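A short worksheet on the structure shown next.
The values are calculated or read from the model by the stated rules, or taken from the named source; none is laboratory data. Please read these numbers as outputs of a predicted model, since none were measured by experiment. Cβ atoms come from the backbone with ideal geometry, glycine included; neighbour counts cover every protein chain shown.
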Amino acid sequence: MPDILGLKQRVDRQLDDNLKLRQLRENENLTWLKANISPYFFLTMVEHQDTVDLLVSGLDTLGENRHLLLADREQMLIMAGLSQAGSIYKILTNLKAKPTYAEITHSYGSLPGSDAVLEIQRYEFKEVSSHQVRSAKNVRLPAGLKTAVEKVLRRLYPEFNFSKLVAGLKLLAINNLDYLKISPPERIARLLWLYQQGCKYDGLYFAVEEGVDVCDHPETRILFSVGNPPGSGFLEQVLEVFHRLDGHVSRAYCLEIATGVNPHFLGTFYLEECNDLSPDFFERLKCELYNTQILANNGELYRHYVLGNILTGEDLLLVKALVSFCYTNLAHNQPDIFDADEVQRAFLNSPEIALALVRFFRAKFTPDLKERETESRRLELEAEQLIAGYNTGHRHFDELRRTVFATALLLIHITCSAN
């Protein structure tokens, strides 16, 4: 008969030893988190201490486990994991609802025993309708909030329209009162400024604030405001722009609010400071972010050209314009042959020619290009040769697509000649 008592004692000792080991590892985990995570993370989690406890308990298991599920509630999802290519995109695309608040935090350093940094994603799904905003009455603000925020606004953004301060604070309170409760006055002031600037500039605003330093970790702050943003997939598209341009986002805070008329997206992104953050980078970033307003990220051309790093978003707009022009003009004469899908497939399956057309267009429309006429003519001849030599072995389709490309080339040639 087995020694049940002895077995129980061995199990108890093993459990005690494991508990002591876990306590030691949790202390190490907490020490690492304090040294490698922005203090704003702990600030935003002040009302979700159980979430932080779970992170501290399981941090050292990342690597064996792909993710740590820290909170999975009706209106909130919080996950931690290793930062890998596409990790944020995968989570966002699998969400059943569009988040109204997104917070993404990356650690400053790699996790112990790993080359990857820690990535924490937090999404909230509290929906507020325009009707709720319009009908809200007697909205109360946390005590002292107005005075504190106004003081910061006068210091950081003195051009703020202070007559709209209270209304702005109440609008934020209606949409996300918890955000006001846990955020320092600086963050609230910045959000109000971002919203006001977005309204001032017809629903689209971009700004760069350099020299941000939190705990000896220099960052650059990007402010991006969009009135009436596109529907589902917009946040993924915005984050994809940063990733594609190698803008390393260390932190991101994105809030979508109902205003009583149209929703408004308010995004604050923090980039790691590096040598690549030049004025040219910020100009390209601004251009690509603005293009998210007119480029759907679910199109075949977008997936092939932009996500495939073949074209920028701006260049894809030109390709889409060429597709539309070719279809409109060719289908007018032969609608059974040149349908919309076939014209698009011509560009989709011929990236080399699409790139040649884009290069020709760029050269013709760049006023300060050295030897502009010579260079544009050279690129036009290059495009002509590619079109003439287009041959896949399918005579019917080759002739059809050569006609499409020749039409696009003619558009650029004539438009530029008339310019």
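One line per residue, one yes/no per condition, for (1) more than 17 Å from L68 (Cβ to Cβ); (2) more than 20 Å from the chain's Cα centre (by Cα); (3) acidic (D, E); (4) assigned to a loop (DSSP other than H, G, I, E, B):
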{"position": "S107", "(1), (2), (3), (4)": "no, no, no, no"}
{"position": "D115", "(1), (2), (3), (4)": "yes, yes, yes, yes"}
{"position": "Q121", "(1), (2), (3), (4)": "no, no, no, no"}
{"position": "V128", "(1), (2), (3), (4)": "yes, yes, no, yes"}
{"position": "Q132", "(1), (2), (3), (4)": "yes, yes, no, no"}
{"position": "P142", "(1), (2), (3), (4)": "yes, yes, no, yes"}
{"position": "R154", "(1), (2), (3), (4)": "yes, yes, no, no"}
{"position": "E159", "(1), (2), (3), (4)": "yes, yes, yes, yes"}
### Message
Among the residues in the stretch 304-315, are any modelled with pLDDT of 85 or more and over 25 Å from V241 (Cβ atoms)?
### Response
no
### Message
Being farther than 24 Å from G231 by Cα, modelled with pLDDT under 90 and polar (S, T, N, Q) is the requirement here; does N138 meet it?
### Response
yes
### Query
So, in the stretch 228-270, of the ones that are more than 20 Å from H106 (Cβ to Cβ) and among the β-branched types (V, I, T), which residue ends up modelled with the lowest pLDDT?
V261
### Task
Could you tell me whether G227 is on the phi > 0 side of the Ramachandran plot, small (G, A, S) and free of Cβ contacts under 8 Å to residues at least 60 places away in the same chain?
no
### Query
What is the residue count in the stretch 250-303 for residues that are among the small types (G, A, S) and either within 17 Å of S232 (Cα to Cα) or not assigned by the TED database to the domain that holds F224 (or both)?
4
### Message
Exactly one of these conditions fails for V139: (1) within 27 Å of V52 (Cα to Cα); (2) in the same structural domain as C199 (by the TED database); (3) in contact with a helix residue (DSSP H, G or I) (Cβ under 6 Å, 6 or more places away or on another chain). Give me its number.
### Response
(1)
### Task
Evaluate the stretch 66-87: report whether one residue or more is hydroxyl-bearing (S, T, Y), at pLDDT below 95, outside the structural domain of E272 (by the TED database) and not in a helix (DSSP H, G or I).
yes
## Note on the structure
Quick count over the stretch 381-418, residues being modelled with pLDDT of 90 or more and part of a loop (DSSP other than H, G, I, E, B), is 0
## Note on the structure
Of the residues in the stretch 96-133, those that are of a type in the set (G, A, S) and surrounded by 19 or more Cβ atoms within 10 Å (Cβ to Cβ) number 2
### Query
Counting only residues that are part of a helix (DSSP H, G or I) and in contact (Cβ under 8 Å) with a residue 12 or more places away in the chain, how many does the stretch 363-377 have?
4
## Note on the structure
When the stretch 331-362 is checked residue by residue, the ones that are out of contact with any Leu (no Cβ under 9 Å at 6 or more places or on another chain) and in a helix (DSSP H, G or I) are A331, H332, N333, A340, D341, R345
### Query
Of the residues F265, F282, F269, which is farther than 30 Å from A346 by Cβ and part of a helix (DSSP H, G or I)?
F282
